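Here the structure is laid out as structure tokens; the discussion comes afterwards.
The values are calculated or read from the model by the stated rules, or taken from the named source; none is laboratory data. Quick caveat: nothing in here was measured; it's all calculated off a predicted structure. Note that each Cβ is placed from the backbone with ideal geometry, even for glycine, and that neighbours are counted across all protein chains shown. Only protein heavy atoms, including side chains, enter the accessible area calculation; ligands, DNA and RNA are left aside. Shrake-Rupley method; radii C 1.70, N 1.55, O 1.52, S 1.80 Å.
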Amino acid sequence: ILEEMDETFPDSLVATVVDPEKHGDGVNSYVTYKVCTKTTMTAFSIPEMEVRRRYSDFEWIRHVLAEKYPDVIVPMLPEKKKMNRFAEDFIESRRRALEGFLFRVTNHPRLRKCPDFHTFLQAKTWALETAKGGEGGLGKMFSNLGKDSESMLSKWKGHKGLDDDAEAFENMKHYVDSLSEHINKLHELSRSMASARDSTSADLKELSPALQLLAQTETDLSGALNKMASASDIVANMHCEQAAKDVAILKTPLKEYSLLCFAVKEVLKNRDHELARYVDTHHTLDSHRKDLEKVPSKS
């Protein structure tokens, strides 16, 4: 399942996400990102290309990759956000996350060769929409896949003998579940810590001008009060800078690891689905064999 992400490829493929741009107003507004690609792969008609893509376009290619490569851990996309989705800091955070997604795909030995991924990187907007062919059917397909998998797995539970690696994969699932739980707790703590630092910084920034005003009336203490005001500004900036570092060093990477755990669970579920199909086919074959044995042979 796991494959090397840092191997050297004979041809290069580099994709970056830049220049987010808002379109429209009100409920119909949305943001597009410029995806710039440079490559020496012969599968592309030109070595450099630029296209604009919406978040929904990234969702489409991620679904396609997960469908066509069910045994590969396909990188996850940043989660959707309903509130303040046009705030500059959120758009920049999403841009970085989308670029990280493309980095992982372009550096994967199999995903980078997917024709649909090449279409995503180079097709005009109308051509991409044609390739997508509507997202409704894809969503329905994934929904049915989950239902079918659960149905077949219920039949498989009593026939573990057909899976020699059942225990190993069961242990892997428990490990990933436990890891995901701990990472999510750490992510929440890092979020709370960064939020507390921002709050402290804001309070200290309000305290500084209050101390300066007080220094104007309390002349005997003006020197000490002005120093306190200056120190308050310095400490406020320190808290603000540390909060930004907490987000960059802790909160953001922990969220990426949390999403990676989800992607691993997705692949493990795909394995269960395929195993359940195998067991179901095996039972069907056994049933046909028994029926065949009941047919009297001609002497």
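When the helices (runs of 4 or more DSSP H) confined to the stretch 69-132 are screened for residues that are out of contact with any helix residue (DSSP H, G or I) (no Cβ under 7 Å at 6 or more places or on another chain), open to solvent by 50 Å² or more (accessible area, probe 1.4 Å) and free of Cβ contacts under 8 Å to residues at least 12 places away in the same chain, those reaching at least 2 such residues are found at 88-106, 125-132. For the stretch 187-203, the count of residues that are touching a Leu at 6+ places or on another chain (Cβ under 6 Å) and either assigned to a helix (DSSP H, G or I) or not acidic (Asp, Glu) (or both) is at least one. Hey, any hits in the stretch 58-65 for a residue that's part of a loop (DSSP other than H, G, I, E, B), over 16 Å from ALA15 (Cα atoms) and not basic (Lys, Arg)? The answer is no, given that none of the residues of the stretch 58-65 is part of a loop (DSSP other than H, G, I, E, B), over 16 Å from ALA15 (Cα atoms) and not basic (Lys, Arg).
Cβ-Cβ distances below 8 Å connect the following pairs, each with a first residue in the stretch 185-211 that is under 14 Å from TYR257 (Cβ atoms), a second residue that is among the hydroxyl-bearing types (Ser, Thr, Tyr), and a separation of six or more residues or different chains: HIS187/SER258. Looking at ALA263, ALA215, ALA229, just one residue is small (Gly, Ala, Ser) and within 30 Å of PRO70 (Cα to Cα), and that residue is ALA263.
When you scan the stretch 6-18, do you find a residue that is closer than 22 Å to TYR257 by Cα and modelled with pLDDT under 95, even just one? Checked against the condition, which is being closer than 22 Å to TYR257 by Cα and modelled with pLDDT under 95, the stretch 6-18 yields at least one hit. As a summary of the residue check, GLU181 satisfies the conditions (1) modelled with pLDDT under 95; (2) open to solvent by 90 Å² or more (accessible area, probe 1.4 Å); (3) closer than 24 Å to ASP71 by Cα except for the one numbered (1).
No other residue among SER56, SER93 is farther than 16 Å from PHE120 by Cβ and not basic (Lys, Arg) apart from SER93.
Kindly check whether there is at least one residue in the stretch 269-290 that is open to solvent by 70 Å² or more (accessible area, probe 1.4 Å) and under 21 Å from the mean Cα position of the chain (by Cα).
Here is the first cut: in the stretch 269-290, the ones open to solvent by 70 Å² or more (accessible area, probe 1.4 Å) are 269, 274, 277-278, 281, 285, 288-290.
Then drop every residue that is not under 21 Å from the mean Cα position of the chain (by Cα), which leaves 269.
Yes, some residue in the stretch 269-290 is open to solvent by 70 Å² or more (accessible area, probe 1.4 Å) and under 21 Å from the mean Cα position of the chain (by Cα).
Look at THR42 and say whether it is open to solvent by 60 Å² or more (accessible area, probe 1.4 Å), farther than 25 Å from LYS255 by Cα and among the β-branched types (Val, Ile, Thr). Yes, satisfied. Tallying residues that are assigned to a helix (DSSP H, G or I), out of contact with any helix residue (DSSP H, G or I) (no Cβ under 6 Å at 6 or more places or on another chain) and not hydroxyl-bearing (Ser, Thr, Tyr) within the stretch 204-222 yields 7. The sole residue among LEU225, LEU259 that is touching a Leu at 6+ places or on another chain (Cβ under 6 Å) and either open to solvent by less than 50 Å² (accessible area, probe 1.4 Å) or among the small types (Gly, Ala, Ser) (or both) is LEU225.
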